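S.K.: First the structure, which I've put down as structure tokens, then a few questions once you've had a look.
We did not get these values from a lab; they are worked out from the coordinates using the rules stated. Predicted model, so just to flag it, every value in this text is computed and none were measured. Positions of Cβ are backbone-derived with ideal geometry, glycine not excepted, and every protein chain shown enters the neighbour counts.
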Amino acid sequence: MDYMHPRSSRQAADHNQLTAMDAGRPLRGGMAVLPTALLSAVLFGLSTPTLADHTVEHVVTNLKGGLGALEQRVWDCEHGIGGACPGTKGEKGDTGEQGIQGEKGDTGEQGIQGIQGEKGDTGEQGIQGIQGEKGNTGEQGIQGIQGEKGDTGEQGIQGIQGEKGDTGEQGIQGIQGEKGDTGEQGIQGIQGEKGDTGPEGPTGLAAWESVSVDCNNSGGNVTCTANCTGDKKVLGGGVLNTNANWSVIASYPVTGTGWTAVLSRQTGSTTTSVTTYALCANTN
């Protein structure tokens, strides 16, 4: 049945009176050690038995002296009212499951700068790293200032002939340096090996000859031609004139097989005698 705490003015006065009387009457003998449930049954049996529809309010009110206060405490203890009769502490329960991850909090403000630490000891020398790849050739630097002339070094030994390198780009014009001292005579180099015989060259000229022709003329002009013999080709030619009144106006090869000279009389009416020459030879 439901518990109804006495709160009417008459019940509150009776309750206070019973509690005061009970405070001066401690339980003695076997009554002090009776279990709470048994004590409640005994007290309930001592109450008026004719109230078949009794409630806790009737029971507490009808009990006299300290029994009413005792019954009230038993009732409160059994129903856990007002913190009466705290129970025995139970065993520790199992640890609950891990809660879900909370959201990331806001970034805190920047802390103040810490004090500068002391300089650490120098570490040991590391091992040699792997040789890196050759870098690209840098751009041509500007012309440096002309340095002072150094002392002449000693003559070094003859080095091995290196392979011919690629032709480099044309550098900028350097400043004219001072004339250096004449170096000492170097030691004689090692005699090189005999080179391979070169390929046979083309056939040269053969059976050359000089052909001449004399020509006489009393007219105004004279043409005189000297021709090569056989299949020979003309290599050159010329003309001989001893008369000052005649002038050579032309001297030239003729179709590769002869030489022609042309003279013209300038003054007077004299006759001239000229000789034309042709140099000829067999060619391949």
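S.K.: Considering every pair of different Cα atoms, what Kirkwood radius, in Å, is found for the range 206-282?
M.R.: Numbers: mean 1/r = 0.0796 Å⁻¹.
Evaluated on the range 206-282, it is 12.6 Å.
S.K.: Points 7 angstrom from Cα along the Cβ direction at Ile130 and Asp76: gap in nanometres?
M.R.: 8.8
S.K.: Length gain on complete extension for the stretch Lys104 to Gln140, per 0.36 nm per residue less the alpha carbon to alpha carbon distance? Can you show the working numbers first?
M.R.: Numbers: separation 36, 0.36 × 36 = 12.96 nm, distance 5.79 nm.
Answer, rounded to one decimal: 7.2 nm.
S.K.: Moving to a separate point now. Size of the dipole of the range 104-189 about the Cα centre, Lys and Arg at +1 and Asp and Glu at -1 on the beta carbon, nothing else charged, in debye to 20? Please list the in-between numbers first.
M.R.: Values: 6 positive and 16 negative charges, 35 e Å.
Using only the charged Cβ atoms, the result is roughly 160 debye.
S.K.: List the aspartates and glutamates whose Cα sits under 18 Å from the Cα of Lys232, skipping any in the same chain fewer than 8 residues away.
M.R.: List returned: Glu209.
S.K.: Under a Cβ-Cβ cut-off of 13 Å, what is the net charge of the residues other than Glu209 that fall near it, where Lys and Arg count +1 and Asp and Glu count -1?
M.R.: On the way: positive: Lys232, Lys233; negative: Asp231.
Local charge sum for Glu209: +1.
S.K.: Cβ neighbours within 10 Å, averaged per peptide: list 225-237, 182-194 in order, most packed at the top.
M.R.: Values: 225-237: 17.1, 182-194: 7.8.
Ranking the peptides 225-237, 182-194 by packing returns 225-237, 182-194.
S.K.: Which net charge results for the neighbourhood of Asp151, defined as the other residues with beta-carbon distances under 15 angstrom from its beta-carbon, given Lys and Arg at +1 and Asp and Glu at -1?
M.R.: -4
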